[in-house]
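Okay, structure first, notes after.
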């Protein structure tokens with residue numbers, strides 16, 4: 001093979017001249033041959049690529065008048081004077097502007113102004129796209145031409161084939177009897193059809209529009225046609241966003257009928273877009289949804305709205321169990337976040353619904369709520385700053401109820417909520433040798449609520465009208481008294497400011513003991529303005545009930561409706577640790593006893609001290625050594641307490657590890673704050689209410705890297721009876737991933753849990769092959785107190801609360817999934833509990849889009865499912 005020779009118009013190097021039979025006229029050849037590289041435009045161009053006419057214009061008048069150099073490699077270059085043709089033959093390679101044309105032979109017919117590339121013709125583009133053809137035939141301007149048996153492999157791994165391709169007017173490429181797919185050929189059997197492909201009578205690619213049109217097209221899976229479309233279009237593979245119709249969606253639900261949605265996407269500007277989705281339900285009519293998204297230099301925001309004038313409101317339950325009385329139903333959602341600088345940002349996440357049943361009835365996925373089940377819908381606006389060791393957060397909250405048993409009037413509006421936290425290192429040389437670390441933790445909260453929120457102690461005492469609302473009734477008479485009821489939320493206005501100041505420093509003595517002395521002070525002031533006048537009455541044919549604000553003052557131990565309260569609690573203590581380390585041939589062992597003493601005055605629950613943010617208290621390993629074990633700012637621990645325990649850590653040479661912690665807390669002196677009940681009885685039954693607390697323990701174990709286990713327990717100190725137990729295990733092997741979780745919590749009737757809570761959840765995924773998988777999950781309600789209401793206390797042990805099974809396929813070009821779920825739900829009003837059954841199918845084809853089909857099946861009565869289990 002001859003060595004490569006650089007050729008430019010009007011000049012031929014001497015080595016090349018020896019290979020040319022006739023040199024006359026050759027000076028015009030290289031520029032014409034360079035146009036062969038224009039074949040690249042038959043491949044879908046990269047974003048921003050020049051059109052054919054633009055490329056030719058650039059070559060006709062290059063910058064500075066300098067023609068671009070072309071490099072030709074071949075076994076020979078021959079000029080046929082009789083036929084006026086120039087032929088490069090034998091392993092022809094032409095390099096020009098980063099493109100490579102390869103063929104067995106390239107012919108330039110000067111008389112016909114045609115260029116032919118024959119025999120294993122291949123064109124490699126600058127972006128990596130490759131075009132193959134048995135024969136390339138193009139005009140010397142390349143505005144028109146043909147390719148036989150074309151195959152194009154683009155840089156983004158999409159593929160076109162055609163029996164014949166024609167390029168017209170330098171703009172449109174037409175593939176006759178063509179195919180398109182984003183699937184890679186099978187490595188072992190490349191002759192087999194791909195997973196999916198579009199086979200069309202004509203495929204037309206318009207470069208300027210960056211759009212591909214398909215006429216008389218079939219969608220094939222493994223070569224078998226499954227759908228036919230007379231005409232459709234899609235952006236070419238280089239387009240990341242473009243206006244057009246998106247894949248349709250399908251849904252079925254008895255209350256809605258069959259629903260079909262056809263979204264349309266508007267790419268308005270490079271930084272904004274709009275998606276409009278009309279959905280027609282056979283039973284309810286037309287719903288419109290729209291989503292506007294806009295990205296700016298320092299952030300982005302979105303607005304989403306939907307609405308429907310439903311045609312058949314009788315398909316839904318009557319109030320308060322449903323929204324049968326509503327004609328129009330809709331939603332408005334917006335969220336956004338913007339960065340002021342690298343430390344400060346502000347934003348919002350706001351959602352409003354016409355009624356609490358809207359999302360569930362129409363199975364809408366929201367911007368904030370990802371799952372279709374009843375829950376509260378929070379809206380917030382915020383300003384946040386984050387530094388290296390400081391944090392600032394200012395926000396407000398609005399909660400909309402989505403559960404049928406919740407009342408909107410009992411939901412608080414919380415604004416503002418201010419949190420500030422800052423940690424300082426104190427250099428010993430600048431603090432008279434004190435040193436250590438100081439911290440400021442501050443909070444300011446203000447809220448308002450129009451209707452008091454009561455909860456029964458023990459078995460729920462529901463209203464006589466609908467059996468929905470917890471009104472603490474006894475024999476049809478409200479019993480709003482402590483001991484029979486809890487006051488979960490006050491009606492009126494409540495404002496509280498809190499500041500916690502602390503200092504600590506760690507010392508290590510000559511024996512290796514670690515001493516951490518600390519001091520702190522808690523300051524809190526609150527203003528309470530009770531609303532004792534509002535009430536709400538529920539009346540139906542079965543009875544009448546009232547929720548009244550008048551009795552809530554009794555829970556606070558005062559008759560005053562307007563009251564200011566303040567509290568200051570200083571404290572000091574020390575923590576001691578003494579780690580022992582041992583090294584063996586197979587592991588490192590660390591045994592560490594821990595003791596902590598905290599001295600404080602009593603912190604009694606004052607008359608005006610409302611508990612709005614410290615309602616949850618779980619005593620376990622995570623807060624055993626906390627100075628204050630309450631979860632929020634409305635309660636603070638007082639008295640003198642000692643916390644003690646021991647920790648053992650094992651680090652194995654093979655990467656496995658184990659960690660065991662056991663401990664207990666003891667009230668040495670002063671009043672035990674966890675036995676002093678507030679309006680919510682927080683602390684009672686927590687394991688901290690007695691002088692000697694529950695024993696808590698935690699075990700983490702991972703013998704190998706892909707297996708992990710954790711157990712957390714609480715034991716009664718008097719008889720070691722099990723109070724709480726959490727077990728969790730995860731395993732991941734070559735083809736299977738599995739997890740199991742078990743929980744058992746003893747009854748806590750003092751705070752409203754009158755029955756033992758016990759459950760088991762399992763989840764697994766089996767990878768049958770690298771592409772196919774099966775999934776399954778089951779939740780068992782082992783406490784069975786809800787089921788036993790229907791089975792006279794004889795429900796089976798493993799009563800199923802929820803089950804889901806599914807499977808799917810996923811590879812480089814397609815994802816398919818089918819899922820079935822059955823979830824336990826209580827029937828609103830009267831009637832036995834049911835299982836809500838849903839089947840969903842989703843299909844995503846890379847570069848074409850995705851679609852989903854959801855269908856709600858007939859509800860299955862719980863008895864039916866349990867009878868089969870028995």
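Quick one: is residue 151 out of contact with any helix residue (DSSP H, G or I) (no Cβ under 6 Å at 6 or more places or on another chain), without any contact (Cβ under 8 Å) to a residue 24 or more places away in the chain, in the same structural domain as residue 126 (by TED's automatic domain parsing) and part of a strand (DSSP E or B)? Give the steps one after another, and end with the answer.
On the way: out of contact with any helix residue (DSSP H, G or I) (no Cβ under 6 Å at 6 or more places or on another chain): yes; without any contact (Cβ under 8 Å) to a residue 24 or more places away in the chain: yes; in the same structural domain as residue 126 (by TED's automatic domain parsing): yes; part of a strand (DSSP E or B): yes.
Against the criterion (out of contact with any helix residue (DSSP H, G or I) (no Cβ under 6 Å at 6 or more places or on another chain), without any contact (Cβ under 8 Å) to a residue 24 or more places away in the chain, in the same structural domain as residue 126 (by TED's automatic domain parsing) and part of a strand (DSSP E or B)), residue 151 qualifies.
Give the number of residues within the range 110-131 that are over 26 Å from residue 157 (Cα atoms) and buried (at least 19 other Cβ atoms within 10 Å of the Cβ). Final tally of qualifying residues: 2. Is it fair to say residue 583 is more than 20 Å from residue 521 (Cβ to Cβ) and free of Cβ contacts under 8 Å to residues at least 60 places away in the same chain? Spelling it out, residue 583 is indeed more than 20 Å from residue 521 (Cβ to Cβ) and free of Cβ contacts under 8 Å to residues at least 60 places away in the same chain.
Within the range 182-195, is even one residue under 30 Å from residue 771 (Cβ atoms), in contact with a strand residue (DSSP E or B) (Cβ under 7 Å, 6 or more places away or on another chain) and assigned to a strand (DSSP E or B)? No, because not a single residue in the range 182-195 is under 30 Å from residue 771 (Cβ atoms), in contact with a strand residue (DSSP E or B) (Cβ under 7 Å, 6 or more places away or on another chain) and assigned to a strand (DSSP E or B).
Residues in the range 603-644 that are within 18 Å of residue 516 (Cβ to Cβ) and in contact with a strand residue (DSSP E or B) (Cβ under 7 Å, 6 or more places away or on another chain): 624, 625, 627, 640, 641, 642, 643, 644.
For the range 200-230, the set of residues classified as surrounded by fewer than 19 Cβ atoms within 10 Å (Cβ to Cβ), within 26 Å of residue 167 (Cβ to Cβ) and at pLDDT below 90 consists of 206, 208, 209, 210, 211, 229, listed by residue number.
Here is a yes/no grid of residues against (1) surrounded by fewer than 16 Cβ atoms within 10 Å (Cβ to Cβ); (2) assigned by TED's automatic domain parsing to the domain that holds residue 776; (3) more than 30 Å from residue 684 (Cβ to Cβ); (4) modelled with pLDDT of 95 or more:
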{"site": "705", "(1), (2), (3), (4)": "yes, no, yes, no"}
{"site": "710", "(1), (2), (3), (4)": "no, no, no, yes"}
{"site": "713", "(1), (2), (3), (4)": "no, no, no, yes"}
{"site": "720", "(1), (2), (3), (4)": "yes, no, no, no"}
{"site": "726", "(1), (2), (3), (4)": "no, no, no, yes"}
{"site": "730", "(1), (2), (3), (4)": "no, no, yes, yes"}
{"site": "735", "(1), (2), (3), (4)": "yes, no, yes, no"}
{"site": "739", "(1), (2), (3), (4)": "no, no, yes, yes"}
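Taken as a whole, the condition of being under 23 Å from residue 843 (Cα atoms), in a strand (DSSP E or B) and touching a strand residue (DSSP E or B) at 6+ places or on another chain (Cβ under 6 Å) does not apply to residue 204.
Need at least 3 residues that are farther than 30 Å from residue 321 by Cβ and touching a strand residue (DSSP E or B) at 6+ places or on another chain (Cβ under 8 Å) per element, so show me which strands (runs of 3 or more DSSP E) inside the range 390-461 make the cut, counting only ones lying wholly within it.
390-400, 413-425, 437-449
Is at least one residue of the range 747-765 without any contact (Cβ under 8 Å) to a residue 24 or more places away in the chain, within 16 Å of residue 618 (Cβ to Cβ) and not in a strand (DSSP E or B)? Yes. Applying a threshold of 9 Å to beta carbon distances and a minimum spacing of six or more residues, or different chains, the list of pairs starting in the range 208-221 at a residue that is outside the structural domain of residue 193 (by TED's automatic domain parsing) and within 24 Å of residue 243 (Cβ to Cβ) and ending at one that is surrounded by 17 or more Cβ atoms within 10 Å (Cβ to Cβ) and modelled with pLDDT of 95 or more is empty. Restricting 77, 86, 92 to residues that are on the phi < 0 side of the Ramachandran plot, part of a strand (DSSP E or B), modelled with pLDDT of 90 or more and assigned by TED's automatic domain parsing to the domain that holds residue 106 narrows the list to 92. Inspect the range 165-172 for any residue being at pLDDT 85 or above, crowded, with 17+ Cβ neighbours inside 10 Å, within 43 Å of the chain's Cα centre (by Cα) and part of a strand (DSSP E or B) and give the result as yes or no. No, because not a single residue in the range 165-172 is at pLDDT 85 or above, crowded, with 17+ Cβ neighbours inside 10 Å, within 43 Å of the chain's Cα centre (by Cα) and part of a strand (DSSP E or B).
Within the range 785-801, is there a residue that is crowded, with 16+ Cβ neighbours inside 10 Å and within 26 Å of the chain's Cα centre (by Cα)? Yes: one or more hits.
Scan the range 324-350 residue by residue and report those that are surrounded by 16 or more Cβ atoms within 10 Å (Cβ to Cβ), more than 17 Å from residue 393 (Cα to Cα) and under 30 Å from the mean Cα position of the chain (by Cα). Passing the criteria: 329, 330, 331, 333, 334, 335, 350. Please indicate, with yes or no, whether at least one residue in the range 360-369 is in a strand (DSSP E or B) and either within 30 Å of residue 256 (Cα to Cα) or modelled with pLDDT of 90 or more (or both). No, every residue in the range 360-369 fails to be in a strand (DSSP E or B) and either within 30 Å of residue 256 (Cα to Cα) or modelled with pLDDT of 90 or more (or both). Just one of (1) more than 37 Å from the chain's Cα centre (by Cα); (2) more than 22 Å from residue 633 (Cα to Cα); (3) surrounded by fewer than 17 Cβ atoms within 10 Å (Cβ to Cβ) fails for residue 460. It is (1).
Of the residues 539, 588, which single one is more than 30 Å from residue 506 (Cα to Cα), surrounded by fewer than 19 Cβ atoms within 10 Å (Cβ to Cβ) and in contact (Cβ under 8 Å) with a residue 24 or more places away in the chain? First the steps, then the outcome.
Numbers: 588 fails: more than 30 Å from residue 506 (Cα to Cα).
Among 539, 588, only 539 is more than 30 Å from residue 506 (Cα to Cα), surrounded by fewer than 19 Cβ atoms within 10 Å (Cβ to Cβ) and in contact (Cβ under 8 Å) with a residue 24 or more places away in the chain.
Within the range 112-130, the residues that satisfy the criterion of being touching a residue at least 12 places away in the same chain (Cβ under 8 Å) and part of a loop (DSSP other than H, G, I, E, B) are 113, 125, 126, 127, 128, 129.
The values are calculated or read from the model by the stated rules, or taken from the named source; none is laboratory data. Since this is a predicted model, take the numbers as computed values, not measurements. Reconstructed Cβ throughout: ideal geometry from the backbone, glycine too, with neighbour counts over all protein chains shown.
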